[in-house]
Structures are given as C-alpha cells and as structure tokens.
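Colleague: Handing you this structure, nothing more for now.
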Amino acid sequence: MFYDDCYAEDRDNYIDVMIAGDEAAARNITFLEIPAAEGGNASLYNPGGPGRTPFPEWRYTAPGPPTMTPVVIALDDPMRVNR
C-alpha cells in the first residue's frame, strides 16, 4: 500500500496492545480500529525521519489514515524475541 510521497507500507511496523479482562472476550477481538486526526483523535505517524542532513522542502513523515488493522491473538504463543 502506498500512502503518499513519504511512505509506502512495508509491513514491518507493529503495535503491541495489552488489555486486561476476560480471556474469552479477548480471543474474540479480530480488528483494532486506528483513528486519524479527524474528530479530535491523535494520528499515528509513519517511522520516517530526516536523518542527519534533512532537506527542508521534503516531507519525511505524515499522519496515517484511519484504518482497521487485523489483530494477532498471542495469548497461547506470545511471540517474544530474545536477543
């Protein structure tokens, strides 16, 4: 997916969401609604950045669009990384 001149989706960005509550209810969550700035919400931004020598006329980051993102249920396999 291509959003604009400063970001194309590369599918390596993750958001960890932790909730407390009923396990059966948690297993039924299938999507996370990510709002955008419309309606007074705060947008998420792509992980861009100007680096050490930015060009003032270039746009390096932009607010993300509203979206519904699929949820990976990790209750049985927390998929931890150990380095």
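Only the coordinates and a few stated rules stand behind these numbers; no lab work does. From a predicted model like this one, the values you see are computed outputs, not experimental measurements.
Colleague: Counting only residues 5 or more places away or on other chains, whose amide H sits under 5 Å from the amide H of T67 once H atoms are built in the peptide plane?
Modeller: I34
Colleague: Let me ask something additional. Using 0.36 nm per residue of separation minus the Cα-Cα distance, give me the extension gain between N82 and T53 in nm, one decimal.
Modeller: Details: separation 29, 0.36 × 29 = 10.44 nm, distance 3.37 nm.
7.1 nm is the gain from fully extending N82 to T53.
Colleague: Under 5 Å between amide hydrogens, which residues at least 5 positions from Y45 or on another chain qualify, with H placed 1.01 Å from N in the peptide plane?
Modeller: Under 5 Å from the amide H of Y45: G64.
Colleague: I need the phi-derived Karplus couplings for the stretch 21-33: 6.51 cos²θ - 1.76 cosθ + 1.60, θ = phi - 60°, integer Hz, Gly and Pro marked x.
Modeller: For the stretch 21-33, the Karplus curve yields x, 6, 4, 4, 5, 4, 5, 8, 6, 10, 9, 10, 7 Hz.
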